[in-house]
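The values are calculated or read from the model by the stated rules, or taken from the named source; none is laboratory data. All values reported here derive from a predicted model rather than from experimental measurement. Every residue, glycine as well, gets a Cβ built from its backbone with ideal geometry; the counts of neighbours run over all protein chains shown.
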Amino acid sequence: MDRKSLQIRVLLGAFEFLEKHPLLVKAFLKPAANAPFISSKLMVLFRAYMGATAFEIHDVDMSRGRIGIGGVEEIMAGAKIVELLHHTLDEWLSPGDKKQTLYEMGIKLCSWEVTQALEGGRWAPAVLVPLIAHAEIFDEIRTDPVMGRFFSKTMDMMSRLITDEGGWGHLEFDFDKDPMTVTLHHSQEAAWLGTSSEPVCHFYAGIVAGYASTISGETVHVTERECAACGAPACVFELKRAEKLKS
């Protein structure tokens, strides 16, 4: 067994152990994750697996009026801004141009956020980053069951911090499908915009594309196939790698 496989198995074993022992996490690990002088020295994902929530992990800089998580700054008015962007762009652009503009904005925003998180050194230890962000990641998770489970659990935890506890909804990943899919339950973008005859989550589609493209280093195109605004139970996004689009 090579070093990379050993690292993945050890981390996966630790993740699954913690999932099976929630009382241990609640009684001992979570207090440690949030303890003064300890919390500041722990990586974001480690604190999350120890039971800390995104709210507890956030950094608040009162002197600068900033809030962030793991060194990635955020603003709390993001939800309303996306809604206003939809309505403002309606006045200036055609429906097709508006969709593409929101999509590109989502890509650029998420690419920036992921890059900041990975390079900032506070989300995950340096040894973990190459395991989840590299050029062969999508091939590995589809051919190696252990890697698939490890990647899924890592994505679930990051999704919990960013999407669930960030107020965007709840994500589910299916990497076995071809094309791969991401399902967003309780989409805020769909909720803000109301009933529509066509999918409306253009910005979030860009976010998914930006994330997938940044961690893999390749262009990933994302299309929303089902949308809550159209009456679907959830919003479903299909991910297609650029090389497969050409074939």
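Please work out if LYS177 is part of a strand (DSSP E or B) and either over 14 Å from the mean Cα position of the chain (by Cα) or under 22 Å from GLU104 (Cα atoms) (or both).
So LYS177 does not fit the description; no.
Would it be correct to say that ARG160 is of a type outside the set (A, V, I, L, M, F, W, C), farther than 19 Å from GLU218 by Cβ and either free of Cβ contacts under 8 Å to residues at least 12 places away in the same chain or part of a helix (DSSP H, G or I) (or both)?
yes
Could you figure out which of (1) surrounded by fewer than 11 Cβ atoms within 10 Å (Cβ to Cβ); (2) in contact (Cβ under 8 Å) with a residue 24 or more places away in the chain; (3) touching a strand residue (DSSP E or B) at 6+ places or on another chain (Cβ under 9 Å) isn't true of ILE69?
(1)
Mind counting the residues in the range 101-119 that are free of Cβ contacts under 8 Å to residues at least 12 places away in the same chain and closer than 13 Å to ALA205 by Cβ?
Number satisfying all stated conditions: 0.
Run down ALA133, ALA228, ALA191, ALA232 and say which single residue is buried (at least 22 other Cβ atoms within 10 Å of the Cβ) and small (Gly, Ala, Ser). Spell out how you get there, then give the answer.
Working: ALA133 fails: buried (at least 22 other Cβ atoms within 10 Å of the Cβ); ALA191 fails: buried (at least 22 other Cβ atoms within 10 Å of the Cβ); ALA232 fails: buried (at least 22 other Cβ atoms within 10 Å of the Cβ).
Result: ALA228 is the single residue among ALA133, ALA228, ALA191, ALA232 that is buried (at least 22 other Cβ atoms within 10 Å of the Cβ) and small (Gly, Ala, Ser).
Restricting attention to the range 138-159, and to residues there that are touching a Leu at 6+ places or on another chain (Cβ under 9 Å) and of a type in the set (A, V, I, L, M, F, W, C), which single residue is surrounded by the fewest Cβ atoms within 10 Å (Cβ to Cβ)? Explain how you work it out, then say what you get.
Initial filter on the range 138-159 (touching a Leu at 6+ places or on another chain (Cβ under 9 Å)): 138, 146-147, 149-151, 153-159.
This time we only want the ones that are of a type in the set (A, V, I, L, M, F, W, C), so: 138, 146-147, 150-151, 155, 157-158.
Values: PHE138: 19, VAL146: 13, MET147: 22, PHE150: 23, PHE151: 23, MET155: 19, MET157: 15, MET158: 20.
Going through the qualifying residues, I end up with VAL146.
For the range 189-237, name all the residues that are within 17 Å of SER159 (Cα to Cα), among the acidic types (Asp, Glu) and modelled with pLDDT of 95 or more.
Selection gives nothing.
Which members of the range 98-137 meet the condition of being outside any helix (DSSP H, G or I) and touching a Gly at 6+ places or on another chain (Cβ under 6 Å)?
In the first step, residues of the range 98-137 are kept if they are outside any helix (DSSP H, G or I); the result is 121-128, 133-136.
Residues satisfying the conditions are ARG122, TRP123, ALA135.
Would you be able to tell me the number of residues in the range 162-175 that are of a type in the set (A, V, I, L, M) and out of contact with any Phe, Trp or Tyr (no Cβ under 9 Å at 6 or more places or on another chain)? Explain how you work it out, then say what you get.
Kept after step one, since they are of a type in the set (A, V, I, L, M), are these residues of the range 162-175: 162, 171.
From what is left, the residues that are out of contact with any Phe, Trp or Tyr (no Cβ under 9 Å at 6 or more places or on another chain) are 171.
Total meeting the criteria: 1.
Tell me, which residue of the range 24-53 that is among the hydrophobic types (A, V, I, L, M, F, W, C) and part of a loop (DSSP other than H, G, I, E, B) is nearest to SER159 (Cα to Cα)?
We begin by selecting, within the range 24-53, every residue among the hydrophobic types (A, V, I, L, M, F, W, C); these are 24-25, 27-29, 32-33, 35, 37-38, 42-46, 48, 50, 52.
Filter again for part of a loop (DSSP other than H, G, I, E, B), leaving 35, 37-38, 42-43, 50, 52.
Numbers: ALA35: 24, PHE37: 26, ILE38: 24, LEU42: 19, MET43: 16, MET50: 16, ALA52: 14 Å.
By that ranking, first place goes to ALA52.
So ALA54 ticks every box in (1) of a type outside the set (Ser, Thr, Tyr); (2) touching a residue at least 24 places away in the same chain (Cβ under 8 Å); (3) over 24 Å from ALA191 (Cβ atoms) but one. Which box is left unticked?
(3)
Of the numbered conditions (1) outside any loop (DSSP other than H, G, I, E, B); (2) over 27 Å from LYS98 (Cβ atoms); (3) touching a residue at least 12 places away in the same chain (Cβ under 8 Å), GLU140 satisfies every one except a single condition; which is it?
(3)
Name every residue in the range 201-232 that is touching a residue at least 24 places away in the same chain (Cβ under 8 Å), in contact with a strand residue (DSSP E or B) (Cβ under 8 Å, 6 or more places away or on another chain) and part of a loop (DSSP other than H, G, I, E, B), in order of residue number.
CYS201, GLU218, CYS227
Of the residues in the range 114-130, how many are surrounded by 19 or more Cβ atoms within 10 Å (Cβ to Cβ), closer than 15 Å to MET155 by Cα and not aliphatic (A, V, I, L, M)?
Qualifying residue count for the region: 1.
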